[in-house]
Amino acid sequence: LEGERVEREKVDLLVKTIKQGINANLIPNPVEEYLERETFNRLTSEIQSMLDQNSLQINIETYCIDNYSPLLLSESFTSLLQSSPSTSEPIVGILTNCATKLMSEVITSASLLEEQYIQKVKSILQTALDKKYSTPRECSEALTSKIRSSNLSDDFIKWLKYKIDEEKGRVTKLKESGFYDDEEEEEEDKAWLSVLEIVRDGVYKEFERKYDRYIEPISYIMRLEERGQRYRYLNMVVRDLTDDERGKFKDVVERIVGKVGEEGYEVLGGEVKKILELGEHTEEIFNREGYASLEGSAVDVKQIEGFE
């Protein structure tokens with residue numbers, strides 16, 4: 001396109017398409033990539049300046065860790081380092097040391113956090129196994145109450161899903177290698193997986209109850225044939241919500257849109273175009289009306305029945 005005039009409509013369409021791709025996790029955010037590259041270049045320039053001033057390496061590393069931890073821990077840090085062949089060896093050494101130190105701290109913190117999560121799982125499981133609940137209904141109600149009072153964070157939900165996938169992978173590998181003598185031995189080895197799945201089912205049930213009121217109108221909107229109908233009904237739904245409900249509703253929409261890049265056409269039966277449109281319309285309505293968004297909500301689209 002160099003040297004050519006591009007119609008405004010085509011530019012707007014390109015911008016819109018790129019934005020939809022970013023929101024759906026189909027493509028990386030080019031603005032974020034540019035800013036990370038600029039930050040990396042600024043960091044290397046500052047390190048070189050400190051080296052020219054004969055600053056002690058330990059002081060340089062402390063400065064980098066204190067001011068550039070997000071960059072040093074980012075997924076793109078390694079690629080940024082590898083794609084900068086002109087970076088001097090001393091600077092590469094300093095950056096590598098900083099990243100290693102930070103990663104060590106993260107691993108330690110993650111281990112402590114995982115121990116806390118395991119204790120949460122055990123606490124929830126103890127409620128489910130308590131003999132004072134004599135009927136399945138009593139047990140279910142007690143489990144729901146325990147989960148509701150546990151203040152489970154988004155990170156815990158992600159950890160739970162990760163551990164279940166990890167355990168399934170471990171069991172599958174052992175089974176394929178012929179490790180188990182029989183099905184009984186396999187079932188015994190899957191005890192921890194079964195515990196995690198029991199907790200997951202209880203957590204998902206609670207989230208389903210909590211967010212069901214937002215999923216019902218979204219599902220209805222997706223079934224409408226005409227784009228104009230979908231927009232008008234969405235506008236009506238958002239208008240009738242309270243400020244807090246609007247934030248949660250938008251968060252659910254963003255999670256659904258974000259799953260397109262991860263799950264592809266498995267999300268909502270393959271209605272990808274309508275999903276992207278839903279995200280676009282929601283963003284447009286919120287911006288137009290000045291509605292606030294919700295930060296840090298812990299809903300996952302896979303926790304809601306019908307969106308598996």
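Values as computed for the structure displayed
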read-out: Failed item in (1) closer than 20 Å to residue 210 by Cα; (2) assigned to a helix (DSSP H, G or I); (3) open to solvent by 30 Å² or more (accessible area, probe 1.4 Å), with residue 151 passing the rest; value: (2)
read-out: Enumeration of residues in region 216-250 that are within 19 Å of residue 148 (Cβ to Cβ) and either touching a residue at least 40 places away in the same chain (Cβ under 8 Å) or outside any helix (DSSP H, G or I) (or both); value: 244, 248
read-out: Residue match in region 73-80 (condition: within 24 Å of the chain's Cα centre (by Cα), within 30 Å of residue 150 (Cβ to Cβ) and at pLDDT 90 or above); value: yes
read-out: Some residue of region 103-110 being touching a helix residue (DSSP H, G or I) at 6+ places or on another chain (Cβ under 8 Å) and either of a type in the set (Ser, Thr, Tyr) or over 15 Å from residue 41 (Cβ atoms) (or both); value: no
read-out: Enumeration of residues in region 196-232 that are surrounded by 15 or more Cβ atoms within 10 Å (Cβ to Cβ) and more than 30 Å from residue 129 (Cβ to Cβ); value: 214, 215, 217, 218, 221, 222, 224, 230, 231
read-out: When residues of region 38-72 are limited to those that are surrounded by 12 or more Cβ atoms within 10 Å (Cβ to Cβ) and under 23 Å from the mean Cα position of the chain (by Cα), the one nearest to residue 93 (Cα to Cα); value: 72
read-out: Where a residue in region 167-193 is in a helix (DSSP H, G or I) and its partner, wherever it lies, is basic (Lys, Arg), with Cβ under 7 Å and at least six apart; value: 171/190; 186/175; 193/168
read-out: Residue within region 16-29 that is in a helix (DSSP H, G or I), at pLDDT below 85 and hydrophobic (A, V, I, L, M, F, W, C) present; value: yes
read-out: Flag if residue 232 is of a type outside the set (Gly, Ala, Ser), more than 19 Å from the chain's Cα centre (by Cα), at pLDDT 90 or above and more than 19 Å from residue 211 (Cβ to Cβ); value: yes
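The values are calculated or read from the model by the stated rules, or taken from the named source; none is laboratory data. All figures in this text were calculated on a predicted structure; none of them were measured in a lab. So basically every Cβ, Gly included, is an ideal-geometry build from the backbone, and we count neighbours across all protein chains shown. Accessible surface is based on the protein model in full, side chains and every heavy atom, while ligands, DNA and RNA are left aside. Shrake-Rupley method; radii C 1.70, N 1.55, O 1.52, S 1.80 Å.
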